[in-house]
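To keep things clear, I will list the structure first and then write my remarks on it.
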Amino acid sequence: MILSGTLFKMTTVVGNPIQYYLNLSQDLVSINQLINKNISIKHIGYSCVICGKNEKIYRMGFCKKCFFESPYASESIIRPELSKAHLDEEERNLEIEKEIQLQPHIVYLAYTGDVKVGVTRESQVPTRWIDQGATTALPIAKTENRYEAGVIEVVLKNHLADKTNYKKMLNTSDKENIDLYKIREEVKKYFPEESSKFYLDNAEQIFLEYPYNIPEKTNAFTLDKNPEISGTLKGIKGQYLCLDNGNFINIRNHEGYVVEIAID
Ligand SMILES: [Zn+2]
């Protein structure tokens, strides 16, 4: 079977284990059942996720122009504390920024080999945690907008990691017993006074199980280094496909890449 289209991040459905779908130009291909089958992914072009042009992808699926101009790639997407829509102030497009920022957000703890703190829109729970490959996560604050969540995250980043180390994540088992309630209690004291009303003391820690076993080695592979990757699919975790020769490919980092995928 040969499929082709533009890669978007994989779509996921919670289950035991999580169900993954490759998203090729919005056509979804269920891939859990492709584990132990041969797969090859070949890079044949680009299609920016905003403008659709065949321009080299700069970051996050955007061509360089869109990355610096689109409201979907503005600074507050990466750094929530810089959000300004709640002040009626525009970064790039106030209407879209209001849509993104003025909705409930969650500050959470997640375990990806380290306990990290993060912010996400409430509607992105638990997708955001699955995309990071977290084996467990716990919401610790719920705010009315993105800015309020960013303020809490900035303070907690002084005490916890905020980035995922992909090698650690790929070498973490979902059998590890991590008590996030204890860490929630420990970080409560760091909440800024004006943010304490957002603290959640009654959320439940959730556990996520991936179709994945820790391999002997991990080599990050990109279609920039080599335009074709192939091997036997051995597992899926976060946004990574793991192949038999220790090669991993982060599908999310290839958003906007036009590819041909052969499966047999
Ligand atoms: Zn573009």
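Relative contact order of the stretch 104-207, taken over Cα pairs closer than 8 Å and 6 or more residues apart, is 36 percent.
Of all DSSP-defined beta bridges confined to the chain, some 95% are antiparallel rather than parallel. Annotation: lysines with alpha-carbon distance below 17 angstrom to LYS234 (same-chain offsets under eight excluded): LYS37, LYS167, LYS217. Our Cα-only numbers for the chain put the radius of gyration and Dmax at 19.1, 58 Å.
Each peptide in 255-261, 84-90 receives the mean, over its residues, of other Cβ atoms within 10 Å, and ordering these scores from highest gives 255-261, 84-90. Sequence-ordered 3J(HN,Hα) estimates for the stretch 99-116 from the Karplus curve with 6.51, -1.76 and 1.60 and θ = phi - 60° stand at 4, 6, 8, 8, 8, x, 10, 10, 9, 9, 9, 9, 10, 10, x, 10, 7, 10 Hz, glycine and proline given as x. Taking every alpha-carbon pair under 8 Å whose residues sit at least 6 apart, the chain reaches a relative contact order of 30 percent. Per-residue Karplus couplings for the stretch 224-236, computed as 6.51 cos²θ - 1.76 cosθ + 1.60 with θ equal to phi - 60°, are listed in order as 6, 5, 8, x, 9, 10, 8, x, 8, 5, 9, x, 9 Hz, Gly and Pro entered as x. Residue-wise HN-Hα couplings along the stretch 170-177, as the Karplus relation 6.51 cos²θ - 1.76 cosθ + 1.60 with θ = phi - 60° gives them from phi, are 6, 9, 9, 8, 6, 8, 4, 9 Hz; Gly and Pro carry x.
Considering only ASP174, ASP201, ASP162, the Gaussian network model of the chain with Cα springs below 10 Å gives its largest mean-square fluctuation to ASP201.
Counting only residues at least eight positions apart within a chain, or on another chain, the aspartates and glutamates with an alpha carbon under 15 Å from that of LYS116 are ASP131, GLU153, ASP162, ASP179, GLU185, GLU186.
Counting only aspartates and glutamates at least 8 places from LYS225 when in the same chain, those with an alpha carbon closer than 18 Å to its own are GLU55, GLU255, GLU260.
Amide H to amide H, with H built 1.01 Å from N, GLN103 comes under 5 Å of ARG146, counting only residues 5 or more places away or on other chains. Under 5 Å from the amide H of GLY235 lie the amide H atoms of CYS242, each residue being 5 or more positions distant or on a separate chain, with H modelled from the backbone and absent for Pro and chain starts. Counting only Cα atoms, I'd like the Rg/Rh figure for the stretch 104-207, Kirkwood definition for Rh. Answer for the stretch 104-207: 0.94. Comparing ILE78, ILE18, ILE178 in a Gaussian network model of the chain (Cα springs below 10 Å), the most mobile by mean-square fluctuation is ILE78.
Using only the C-alpha atoms, the convex hull of the stretch 169-264 corresponds to 168 Å³ per residue. Remark: relative contact order (the stretch 194-264) = 25 percent; criterion is Cα-Cα distance under 8 angstrom and separation of 6 or more residues.
Just so you know, all these numbers are worked out from the coordinates, no wet-lab data involved. The structure presented is a predicted model; accordingly, all values stated were derived computationally and were not measured. Note: ideal-geometry Cβ built from the backbone for every residue, glycine included; neighbour counts use all protein chains shown.
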